Protein chains: 2
Amino acid sequence: MILDFQTLQEKFRELLIKYGFPPVQAMQIADVFAETTIDGVFSHGINRFPRFIGDVMDGTVKPGVEPELIQSFSALEQWDGKQGAGISNAIFCADRCMELASSYGIGCVGLRNTNHWMRGGSYGWRAAERGFLFLGWTNTLPNMPPWGGSNTVLGNNPFVMAMPRKDGHLVLDMAMSQYSFGKLEWQKRTGEELPEYGGYNLDNKLTKDPAEILESMRILPAGLWKGSALALVLDLAAGIISGGNTTRKIGELKSETDLSQVFIAVDIERHMTPEQREKLMQETIDHMKENNEQVRYPGQRSQRDRNTHLEKGVNIPDDIWSGILKL
Amino acid sequence: MILDFQTLQEKFRELLIKYGFPPVQAMQIADVFAETTIDGVFSHGINRFPRFIGDVMDGTVKPGVEPELIQSFSALEQWDGKQGAGISNAIFCADRCMELASSYGIGCVGLRNTNHWMRGGSYGWRAAERGFLFLGWTNTLPNMPPWGGSNTVLGNNPFVMAMPRKDGHLVLDMAMSQYSFGKLEWQKRTGEELPEYGGYNLDNKLTKDPAEILESMRILPAGLWKGSALALVLDLAAGIISGGNTTRKIGELKSETDLSQVFIAVDIERHMTPEQREKLMQETIDHMKENNEQVRYPGQRSQRDRNTHLEKGVNIPDDIWSGILKL
C-alpha cells in the first residue's frame with residue numbers, strides 16, 4: 001500500500017492522542033516515526049510503532065512526562081527522563097545540548113531513566129539541520145556477547161555522529177553489533193540471508209541467517225573486539241554522565257527501560273565559514289567517490305529514500321498497515 | 001635484551017636533546033615513548049622511535065615548537081600545532097581540554113597542523129589519571145579503502161575513549177581498520193598470521209597475511225561499512241573542529257603531517273560521587289566477566305603489561321635496541 005508522509009503522520013498522531021499523549025508530544029513523536037519510515041528505516045519506524053503503543057499500555061512508557069533537570073554546571077547538564085517517551089525525551093535533550101553549545105561552544109547533556117529513542121539518527125538529523133556537529137549514544141538492554149565470551153551481557157549501544165552539509169547532511173547511526181536487531185527482524189521478514197556474518201547460532205557457529213541469530217540472541221560485535229570494547233565504554237560513559245543505569249542494571253528490569261543517553265553538540269559556525277566547511281566536506285566526499293562511485297557517505301541513502309518517498313509515497317506492507325489500523 | 005623503564009626513558013631523552021628538542025619537551029616525549037613501550041605497545045613505542053627521529057631530520061617534525069591559540073570561545077578552542085612534535089602537541093591539547101572541562105563541565109580542543117601522536121591511548125591514560133572522561137581522535141594519511149570501494153582514500157583515524165577507575169582505568173584506543181598498521185608491521189616481524197582477516201592482497205582476496213596487506217595498502221575497515229563510515233565522519237569532524245586538513249589533503253603532502261585532532265574531556269566528578277562511580281563500573285565489569293572470565297576490558301592488558309614490565313623490565317629485541325643506540 002502506497003502511503004504519503006501526511007497520512008502516516010496523522011495516523012500516528014491520532015493513535016498517540018488516543019493512547020494518552022498530550023497534543024504537542026503526540027505531534028513530536030508522530031513526526032519522528034513518520035520521518036523514520038519515509039527515510040526507509042522501517043525497523044525503527046512504522047514496524048516498531050505497535051510495540052511502542054504496547055510499551056505505553058503496559059506502563060513502560062509514560063505519556064505526557066517531561067524530563068527534569070537534576071544537575072547543571074555551565075556546558076554540562078544531567079536530566080531525568082522519568083520514563084517518558086524516548087523520542088520526546090531525546091528531542092528535548094538534543095535541543096538542550098545545542099542551546100548549551102550556542103552559549104559555550106560545546107554542550108553536553110546526560111539523560112537517565114528514559115526509554116528507547118527509536119532511530120538514533122533522528123537526533124543527528126535534527127542537530128545537522130540546525131547547523132551543529134553532533135555526537136550521541138544510548139545504552140540498551142543486554143543483547144550482545146563480548147568478543148571472546150558467550151554470555152549476552154553487553155548492549156549494542158548505538159552511536160550517532162552527524163554534521164550539516166548543504167547537499168545532504170552526514171549522519172552516521174551505528175549500533176555496536178554488525179547488524180542492529182531492527183535490521184535482523186526486517187531481514188527475517190523478507191526471508192533473505194544477511195550479506196555478512198551477523199552472529200552465532202545455537203550451535204555456536206557464525207551464521208548469516210537472521211532467524212538463527214534472533215533465536216540465539218548472540219549477535220556479532222562490529223569489528224569483533226573493537227565493537228565489543230566500544231560498546232562497554234559507551235555504556236559506562238552513558239551511566240556516568242547521566243548518573244543512570246548501565247546495561248547490567250537494565251537487564252534486570254522487566255522490560256527495556258530506564259536507559260542512559262548522552263547528547264553532545266559543537267557549535268561549528270565558530271570554526272570556519274560555511275563556505276570553507278562546504279568546500280572541505282565536498283572535496284573529501286568527491287575524493288572518496290573517485291573511482292569508488294558506488295561508495296555512499298552515511299546519510300546518503302536515507303536522504304535519497306526520503307526524497308523519493310516524499311514525492312511518490314512509501315510502500316508499506318499491507319499487514320503492517322492493517323496492524324496499525326487495528327490499534 | 002631486558003631493559004627497565006628508566007633506561008628507555010633516559011636514552012630517548014638523550015637522543016631527543018641531541019636532535020634538537022629543548023629539555024622539557026624532550027622529557028615529555030621520552031616519557032610517552034617509554035610508557036608506550038613498557039605498556040607492551042612496541043608498534044607506537046620503541047619500534048617507532050627511529051622513524052620519529054627520521055621525521056625530525058627531514059623537517060616533518062619541528063623540535064621546540066609550541067601550539068598557538070587560533071580561536072577561543074568558552075569551552076571550545078582551536079589550536080595550531082605548527083608542525084611540532086605530535087606527542088607534545090597532543091599532551092598540551094589534552095591538558096587544555098581538561099582545564100576547559102574544569103571550568104565548563106566539558107571542554108573541547110581542535111588541533112590542526114600537528115604530527116602523529118603515536119599511541120592515541122597515551123592521552124586517554126593521561127586524562128583518566130587526572131579523573132576525566134575523555135574522547136579524542138586524529139586523522140591520518142589515506143591508508144584504507146572505503147567499504148565497497150578499492151581506492152585507498154580514507155584514513156584509519158584512531159579514536160580514543162577513556163575513563164578513570166581505581167583498580168585500572170578503562171582506555172579504548174581503536175583505529176578504524178580491523179588492525180592498525182603498527183600491529184601489521186609488528187605481526188609481519190614476528191612472521192605470524194593475523195587471527196582474523198585484516199585486509200586484501202594484490203589479487204583482491206581477503207587475507208590474514210600482514211605482509212600481503214602492507215604490500216596492497218588495502219586494510220579492512222573494522223566492522224566493514226561501520227568502520228568505513230566512522231572513519232569518514234571522524235576525519236571531517238577533525239577537519240571542521242580544528243579548521244585543519246582532512247585525510248584527502250594530507251595524502252597530497254610529501255609525508256604524513258599537518259594532521260587534525262580533537263580532544264574532549266568531561267568533568268565527571270560533578271555527576272556522581274567517586275564511590276558511586278567505582279561501584280557502577282565494577283558491577284558492569286564483574287557482570288561482563290561472569291562466565292566470560294577471559295574477556296578483557298579495554299586498558300586491562302596494558303595495565304598488566306605495565307605492572308610486569310615495571311617490576312621485571314621489558315624484553316626488547318636486540319636489533320631494535322642496537323638500532324636505537326646507533327641514532
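Yes or no, residue by residue, for (1) out of contact with any Gly (no Cβ under 8 Å at 6 or more places or on another chain); (2) outside any helix (DSSP H, G or I); (3) on the phi > 0 side of the Ramachandran plot; (4) within 14 Å of another protein chain (Cβ to nearest Cβ):
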| site | (1), (2), (3), (4) |
| --- | --- |
| A:Ala238 | no, no, no, yes |
| A:Glu252 | yes, yes, no, yes |
| A:Ala265 | no, yes, no, yes |
| A:Glu278 | yes, no, no, yes |
| A:Ile324 | yes, no, no, no |
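Among the residues of the stretch A:99-154, write down those that are basic (Lys, Arg) and in contact with a His (Cβ under 7 Å, 6 or more places away or on another chain). Residue satisfying the conditions is A:Arg119 alone.
Consider A:Glu196 carefully, then state whether it is within 18 Å of B:Gly227 (Cα to Cα), of a type in the set (Asp, Glu) and not assigned by TED's automatic domain parsing to the domain that holds A:Thr152. The answer is yes for A:Glu196. Apart from one condition, B:Gly110 fits all of (1) under 19 Å from the mean Cα position of the chain (by Cα); (2) within 24 Å of A:Asp235 (Cα to Cα); the exception is (2). Checked against the criterion of being among the charged types (D, E, K, R), out of contact with any Pro (no Cβ under 6 Å at 6 or more places or on another chain) and within 13 Å of another protein chain (Cβ to nearest Cβ), the candidates A:Glu68, A:Glu129, A:Glu77 yield just one match: A:Glu77. For beta carbons closer than 8 Å, sequence separation of 6+ or different chains, a first residue in the stretch A:86-106 that is more than 10 Å from chain B (Cβ to nearest Cβ) and a second that is in a helix (DSSP H, G or I) and among the β-branched types (Val, Ile, Thr), the qualifying pairs are A:Ile87/A:Ile29; A:Ile87/A:Val32; A:Ser88/A:Ile29; A:Ile91/A:Val32.
State the number of residues belonging to the stretch A:280-300 that are more than 7 Å from chain B (Cβ to nearest Cβ), of a type in the set (D, E, K, R) and part of a loop (DSSP other than H, G, I, E, B). Break it down stepwise before answering.
Quick first cut of the stretch A:280-300, residues more than 7 Å from chain B (Cβ to nearest Cβ) only: A:282, A:285-286, A:289, A:293, A:296, A:299-300.
Next, only the ones that are of a type in the set (D, E, K, R) stay: A:286, A:289, A:293, A:296.
Narrowing the set further to residues that are part of a loop (DSSP other than H, G, I, E, B) leaves A:293, A:296.
Within the stretch A:280-300, residues that are more than 7 Å from chain B (Cβ to nearest Cβ), of a type in the set (D, E, K, R) and part of a loop (DSSP other than H, G, I, E, B) number 2.
Among the residues of the stretch A:214-232, those identified as over 21 Å from B:Tyr179 (Cα atoms) and more than 21 Å from the chain's Cα centre (by Cα) are A:Glu215, A:Ser216.
Checking B:Trp79 against (1) touching an Asp or Glu at 6+ places or on another chain (Cβ under 8 Å); (2) in a helix (DSSP H, G or I): exactly one of these is not met. Which one? Going through the list (1) touching an Asp or Glu at 6+ places or on another chain (Cβ under 8 Å); (2) in a helix (DSSP H, G or I), B:Trp79 breaks only (2). The set of residues in the stretch A:133-149 that are within 11 Å of another protein chain (Cβ to nearest Cβ) and closer than 30 Å to A:Ile268 by Cα comprises A:Leu133, A:Phe134, A:Leu135, A:Trp137, A:Asn139.
The condition of being acidic (Asp, Glu), in contact with an Asp or Glu (Cβ under 7 Å, 6 or more places away or on another chain), more than 20 Å from B:Thr114 (Cβ to Cβ) and more than 9 Å from every other protein chain (Cβ to nearest Cβ) holds for only one of B:Asp167, B:Asp209, that being B:Asp209. Look at the stretch A:297-322: where a residue is closer than 29 Å to B:Pro145 by Cα and a partner is acidic (Asp, Glu) and surrounded by 19 or more Cβ atoms within 10 Å (Cβ to Cβ), sitting 6+ places away or on another chain with Cβ atoms under 6 Å, you get A:Ser302/A:Asp39; A:Asp305/A:Asp39; A:Arg306/A:Asp39.
Out of curiosity, is B:Tyr179 within 19 Å of B:Ser302 (Cβ to Cβ) and either within 8 Å of chain A (Cβ to nearest Cβ) or within 12 Å of the chain's Cα centre (by Cα) (or both)? No: the conditions fail for B:Tyr179. If the condition is being polar (S, T, N, Q), surrounded by 14 or more Cβ atoms within 10 Å (Cβ to Cβ) and modelled with pLDDT of 95 or more, then the stretch B:269-327 contributes B:Thr284, B:Gln300, B:Ser302, B:Gln303.
The values are calculated or read from the model by the stated rules, or taken from the named source; none is laboratory data. Because the structure is predicted, anything quoted here is derived from the model rather than measured. Please note: Cβ atoms are built from the backbone with ideal geometry, for glycine as well, and neighbour counts cover all protein chains shown.
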